[in-house]
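What follows is one structure encoded as structure tokens, with my remarks underneath.
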Amino acid sequence: MTKHKRIGILTSGGDCAGLNAVIRAVVNAATIKGWEVYGIHNGTDGLTETPRSYEVLTVENFSDTPWPRLSGSYLGSLNKGVKMESLAEMSRRFGEGVKELGLDAVVVVGGDGSMNIVGNYCKGAGIKMMGIPKTIDNDTPITEFSVGFNSACQACTNAVDDLNWTARSHHRALICEVMGRDAGHLALQSALAGQADVCLVPEIPYKIDGVINKLKEVKASGRNHAVIVVSEGIKTESGEHLSNKKNLVGEAVYGGIGNYLNTEISNRYKEFQVRVTTLGHIQRSGNPSCFDRILAALFGAKAVELLAQDETNKMVVWKNGKIDAVDIEKVVKEGTTLLNVNSDYVKAAKALGMYIGEI
Ligand code: F6P
């Protein structure tokens, strides 16, 4: 029988749709087991800063409120843009916070970066941890889907669909710049769903002339408009990032590649006016999709079940249509999951006539 009586839950890294559905799932599943759940505010800050910042979460917090159906994080999150103390110091502070609150384990809802960082705090302080993957980038290893990705894809698809109609009115080629960091999952899947003509992803080199040839082909077919989806993480045609900016935890900070493409295409091809839409944080802020809510429920239930079995240092995953769990160390070792250029997504895009670069 489990020893856990009180667990903490925190959301870490960039927010996304579905975090509150995860929190609700963990609270419900844990409450049924007779455990207490402490919601930690603002990622790890609620435990590492003094005074500690948290609240006791009950089923009632979520049963008759809109929260589980809303985006954002009820608890607040933390995307560190400021220099952190040393790992040993953070781990010490985290451990003190956990001890002060009397937590038997912590559920961490985060991406690969958070699994690494908070996993290390927990390891250093000897604390039990269970990870639940979330990110609109869908680049957390081993799991095929992370919470938030599907909802972000829907937001991007809606934008591509909408851009199509204004592109048609004005005979334009409209560029839609989407997030995803160095992974092209969000760009390619929304380009497929939105039936874009071109999709550029960080994993595949491209030529501006390749994009222009596609626009010429569109024009020759009698269509006077086109939509181009571009991932924020692509390089210039000559292979450099526009900016080498990194935040202080070493993650790349992107944005603006759509404007570069606009200039390059417009200078060489005049048949379409080109304009750029940068979707930005709207991709993280819509309400969670059906799939993300289901994933949240399955992941939350599994995380609590594993803690009840006294498991620790694991992250729940969705693999081959099943929920499972893998060691955090394995997740960290795998690093970020990029788009597989031989995947069915890439094959389908090519087969359907989309220009996706030089492969
Ligand atoms: O990792 C999620 C993500 O939304 C990326 O797609 C994007 O590059 C980044 O976070 C934006 O971060 P911020 O919210 O700090 O601007």
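The values are calculated or read from the model by the stated rules, or taken from the named source; none is laboratory data. Being a predicted model, the structure only gives us computed values, none of them experimental. Ideal geometry is used to build each Cβ from the backbone, glycine not excepted, and the neighbour counts take in all protein chains shown. These accessible areas exclude ligands, DNA and RNA; they are computed on the full protein's heavy atoms, side chains included. Shrake-Rupley method; radii C 1.70, N 1.55, O 1.52, S 1.80 Å.
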(message) Are there any trypsin sites (Lys or Arg not before Pro) in the range 19-102 that are in a DSSP loop and have at most 13 other Cβ atoms within 10 Å? List them by number.
(response) 83
(message) Report the gain in length on full extension from residue 31 to residue 266: 0.36 nm times residue separation, minus Cα-Cα distance, nm rounded to one decimal.
(response) 78.7 nm
(message) Can you list the DSSP H helices in the chain whose Cα atoms extend at least 24 Å along the helix axis and whose mean Kyte-Doolittle hydropathy is -0.5 or higher?
(response) 149-170, 290-308
(request) Provide the per residue accessible area, probe 1.4 Å, for the chain, rounded to a whole number of square angstrom. (result) 44 Å²
(message) Given Cβ point charges of +1 (Lys, Arg) and -1 (Asp, Glu) and nothing else, what value in debye, to the nearest 20, does the dipole of the range 86-194 about its Cα centre take?
(response) 120 debye
(request) Would you kindly calculate the translational diffusion coefficient of the range 210-270, applying Stokes-Einstein with the Kirkwood radius from alpha carbon pairs, for 10 °C and a viscosity of 1.306 mPa s, and quote it in µm² s⁻¹ without decimals? (result) 119 µm²/s
(request) Place a +1 charge on the Cβ of each Lys and Arg in the chain and a -1 charge on the Cβ of each Asp and Glu, then give the dipole magnitude about the Cα centre in debye, rounded to the nearest 20. (result) 320 debye
(message) Could you order the peptides 212-218, 282-288 from most to least packed, using the average number of other C-beta atoms within 10 Å per residue?
(response) 282-288, 212-218
(message) Bin width 20 Å, origin at 0, all Cα-Cα pairs of the chain: what percent of pairs per bin?
(response) 30, 50, 18, 1
(message) Need one number: convex hull volume per residue for the range 131-250, Cα atoms only, in Å³.
(response) 115 Å³
(message) Classify the range 51-155 from the C-alpha gyration tensor, please: rounded if a/c falls under 1.5, else prolate or oblate depending on whether a/b exceeds b/c.
(response) oblate
(message) Could you compute Rg(Cα) / (2.2 N^0.38 Å) for the range 225-347, with N its residue count?
(response) 1.47
(request) Considering only 197, 112, 209, give the residue with the highest GNM mean-square fluctuation for the chain, with springs between Cα atoms whenever their separation is below 10 Å. (result) 209
(request) Under 13 Å from a label point 7 Å along Cα→Cβ of residue 291: give me every residue in the range 142-173 with its amide N that close. (result) 144-158
(request) Please find the FRET efficiency linking residue 63 to residue 319, where r is the Cβ-Cβ separation and R0 is fixed at 25 Å, and quote it to the nearest 0.05. (result) 0.20
(message) Out of the total accessible area of the chain (probe 1.4 Å, heavy atoms of protein only), what percent is carbon and sulfur?
(response) 48 percent
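What's the extension gain from residue 310 to residue 351 if we count 0.36 nm per residue and subtract their Cα-Cα distance?
Length gained between residue 310 and residue 351: 10.0 nm.
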(request) For residue 177, enumerate residues with amide H under 5 Å from its amide H, sequence gap 5+ or separate chain, H modeled in the peptide plane. (result) 230, 277, 278, 279
(request) Using only the Cα atoms of the range 1-113, construct the convex hull and provide its projected area averaged over every direction, in square nanometres to one decimal. (result) 7.4 nm²
(message) Quick check: residue separation of residue 169 and residue 275 times 0.36 nm, minus the Cα distance between them. What number comes out in nm?
(response) 36.8 nm
(request) For the range 181-235, report the translational diffusion coefficient in µm²/s to the nearest whole number, using Stokes-Einstein at 10 °C, 1.306 mPa s, and a Kirkwood Rh over Cα pairs. (result) 137 µm²/s
(request) Please report, in debye to the nearest 20, how large the charge dipole of the range 24-158 is about its Cα centre when each Lys and Arg carries +1 at its beta carbon and each Asp and Glu carries -1 there. (result) 140 debye
(message) Suppose R0 equals 22 Å. What FRET efficiency, 1/(1 + (r/R0)^6) with r the Cβ-Cβ distance, do residue 101 and residue 123 give to the nearest 0.05?
(response) 0.70
